[in-house]
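Single-structure report; data block below.
Every read-out reported here was derived from the displayed coordinates using simple, explicitly stated rules and does not represent laboratory data. None of the values given here were measured: they were computed from a predicted structure. Cβ placement follows ideal geometry from the backbone for every residue including glycine, while neighbour counts extend to all protein chains displayed.
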Amino acid sequence: MKRLLIANRGEIAIRIARTARRMGIETVAVYSDADAGMPHVRACDFAVRIGPAPARDSYLNIAAIVDAAKRTGADAIHPGYGFLSENADFASAVGEAGLTFVGPRPETIAAMGDKARAKAIASDAGVPVLPGYDGEDQTDARLAKEAGQIGFPLMVKALAGGGGRGMRIVRDAAALGDAIASARREAQAAFGDARVLLEKLVENARHIEVQVFGNGHGNAVHLFDRDCSAQRRHQKIVEEAPSPTITWQVRDRLTAQAAKLARAVDYVGAGTVEFVVAGDGQFHFIEMNTRLQVEHPVTEAITGLDLVEWQLRVARGEALPLGQDKIERSGHAIEVRLCAEDPAAGFLPQTGRVAAWEPPQGVRVETGVETGSTVSPHYDSMIAKIVAHGDSRDAAIAKLAAALDTLRVAGVVTNRAFLRELVDSPEFRGRKVDTSTIDGWVARSRQLLLGDHASLKPAQPPVEAVALAAAILGDVDGDWFRSSGVAEYPLDLECGGAEFACRLRFARGALAAILVGGETVPVSAIRRDGADILFIGATGVRRAWHVLADGALWLDLDGSTFRFREVDHLAGRATAGDGGRAVAPLAGLVRKVHVAAGDRVETGAPLVVIEAMKMETVIAARAVGTVRAVHAAEDAQVAAGALLVEIDADG
């Protein structure tokens with residue numbers, strides 16, 4: 001293996017290139033038009049454009065990727081994760097082109113990628129599986145019948161693929177039809193296969209997975225377990241190794257069953273066997289991911305091993321670097337996924353330019369962005385993975401919390417403050433997180449904005465932050481000289497959906513105080529130090545606020561980022577109370593239009609479904625009334641802010 005093409009983008013492409021370079025292997029990056037300037041392109045020795053921005057025309061274009069490998073003289077292809085990593089046709093095409101596929105055999109990918117076949121294989125191997133239905137008859141009538149026999153609550157899941165796509169919880173028969181339709185739609189978009197299965201839902205379960213490795217000669221080992229129970233809407237948020245919630249007896253049984261399944265399919269390379277674990281320690285197989293996982297760094301942290309190096313060595317025919325008795329673990333590792341999403345808007349994915357990015361020190365950071373990068377609506381919203389390793393779980397949590405406090409990101413809203421609150425929560429610290437904890441936590445704190453989108457109430461900025469923002473946006477460096485007396489300048493700001501009435505008070509030409517609502521913040525000095533501003537109040541206590549102006553004012557302090565804008569009262573009057581216009585909250589592809597002109601709708605009724613950043617977003621009615629016009633069309637791209645539906649609201 002002399003030259004490796006990496007059929008992926010972002011942080012995983014950079015991470016694979018790093019190991020390949022250390023092993024003396026040249027690398028080839030591929031990129032879409034949207035990614036031409038992204039860091040992963042520069043991380044490799046060669047780079048090839050493979051198509052337009054949409055993934056189906058670039059990162060999912062098998063012919064273009066294989067052609068890029070041939071044109072650059074690559075002799076192997078690593079798929080990373082996501083995109084084509086679990087596509088058997090891609091693995092076959094790579095082999096047919098005379099290239100080495102860094103991953104399992106195509107037949108293994110096909111067998112384990114089909115959840116029905118995977119469950120059958122696991123059952124035959126003696127691995128416990130959940131009761132459910134995964135038959136060929138996919139009619140609504142048959143699925144409804146099987147659901148009645150399984151009993152509620154149950155899970156609708158895509159038969160192909162993974163990553164939480166195409167998964168819906170159904171608690172009663174009335175919700176089954178919509179859940180199946182939505183799961184089919186998402187599965188078709190993500191995997192090109194709309195088939196679904198039904199599975200009994202284990203309430204308050206934990207999601208535990210086991211990292212396995214095989215060399216295709218009947219030899220397979222495990223590299224311990226990972227706990228991925230901290231999820232929101234089936235998407236992993238925090239992963240840690242080892243699991244803090246299972247006993248060593250359960251762990252020994254889990255890892256043994258996972259290795260047994262890997263041997264049963266004569267597995268090649270890195271894979272993950274996933275289990276659902278009930279409170280009493282009983283566990284059941286749910287799926288096998290035939291690829292490297294997003295969360296593989298936590299396993300690397302506790303074992304000291306490089307899993308990509310293992311992948312490359314096995315792909316070129318070498319034996320496993322270590323036997324089971326030589327694989328050891330040390331300490332505890334936790335990973336969080338920093339994403340461009342707004343918890344205060346139903347965790348809606350965010351797009352735009354990253355105006356500032358400074359990763360924290362003392363932890364492992366895997367990222368595919370830098371200052372100036374663009375977060376595109378065409379791909380995943382993850383900006384970075386932050387991994388902390390310590391001698392104990394408490395030590396790892398402390399490192400992670402400090403890292404979240406000190407990292408800097410501006411230009412796009414992220415889930416950083418949410419992650420910071422999560423890792424310091426009593427539930428997480430107390431090892432009480434199961435797969436439903438975070439959704440319940442959000443639900444208890446939510447404001448209902450759009451349909452079923454639960455939104456965390458945004459953190460309110462401290463009065464000092466509002467005062468500093470007023471001073472900056474009020475341009476206190478201007479000419480405010482007055483020969484005598486006191487002058488006040490009004491300024492209304494918005495932050496996190498809340499408005500703040502401020503007044504800048506000047507005495508003899510100098511800023512003397514800032515009034516925020518009913519509070520007065522005395523000012524003795526404001527000093528600019530490049531991008532940092534030190535705000536000094538009457539107490540003389542200095543606080544360093546990281547500041548960036550990029551169409552808005554971003555203030556960063558102690559793990560929280562606040563975005564301030566000056567209130568435009570004219571625009572506010574023009575749109576106030578207008579529930580009759582449903583607009584696209586982000587750019588994306590219209591997957592479903594639920595209404596037509598003349599339809600009656602209630603508040604919260606689904607109007608349009610938009611797919612962006614690998615997720616479906618439901619746009620719901622904000623008023624009771626009659627649909628006047630529908631401007632959205634299925635399978636059409638829409639821009640952020642585009643008008644989708646007009647409603648004549650009652651009253």
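Under the convention that each Lys and Arg Cβ holds +1 and each Asp and Glu Cβ holds -1, the size of the dipole of region 381-420 around its Cα centre is about 140 debye. Rounded to the nearest 20 debye, the dipole size of the chain about its Cα centre is 700 debye, using +1 on the Cβ of Lys and Arg and -1 on the Cβ of Asp and Glu.
Name the lysines eligible as straight-distance cross-link partners of K157: C-alpha to C-alpha under 20 Å, and not fewer than 8 places from it in the same chain. Of all the lysines, those that pass the test against K157 - Cα under 20 Å, at least 8 places apart if same chain - are K115, K119, K145, K200, K236, K592, K614. Peptides 3-9, 616-622 ranked from most to least packed by the mean count of surrounding Cβ atoms within 10 Å: 3-9, 616-622.
A dipole drawn for the chain from +1 and -1 charges on Cβ atoms has a positive end, and of M382, A175, A398 the residue lying farthest that way is A398.
Would you mind ranking W554, W248, W545 by Cβ crowding within 10 Å, fewest neighbours first? Numbers along the way, then the final one.
Numbers: W554 24, W248 8, W545 19.
Ordered from fewest to most neighbouring Cβ atoms within 10 Å, W554, W248, W545 come out as W248, W545, W554.
Specify which residue in the list F224, P426, V268 is farthest towards the positive end of the charge dipole of region 206-450, using unit charges on the beta carbon of Lys, Arg (+1) and Asp, Glu (-1), about the Cα centre. Of the options given, the answer is P426. Among beta bridges identified by DSSP and lying wholly in the chain, the antiparallel ones come to about 90 percent.
Got the relative contact order for the chain handy, in percent, Cα pairs under 8 Å and 6 or more residues apart? Don't jump to the answer; show the numbers that get you there.
Details: 1498 pairs, mean separation 59.0, N = 651.
Worked out over the chain, it gives 9 percent.
Taking Cα atoms, how many degrees apart are the long axis of helix 140-150 and the longest axis of the chain, rounded to 10 and kept between 0 and 90? Approximately 80 degrees, to the nearest ten. Checking every one of the GluC sites (Glu not before Pro) in region 322-383 against DSSP loop status and a limit of 16 other Cβ atoms within 10 Å picks out E328, E370.
Counting only Cβ charges, +1 for Lys and Arg and -1 for Asp and Glu, the dipole size of region 228-280 around its Cα centre is about 100 debye.
For a quick check: sort T247, T290, T19 by the number of other beta carbons within 10 angstrom, fewest at the front.
Numbers: T247 10, T290 28, T19 19.
With the sparsest Cβ surroundings first, the list reads T247, T19, T290.
Amide H contacts under 5 Å for V523: A513, I514, restricted to partners 5 or more places along the chain or on a different chain, H placed in the peptide plane at 1.01 Å from N.
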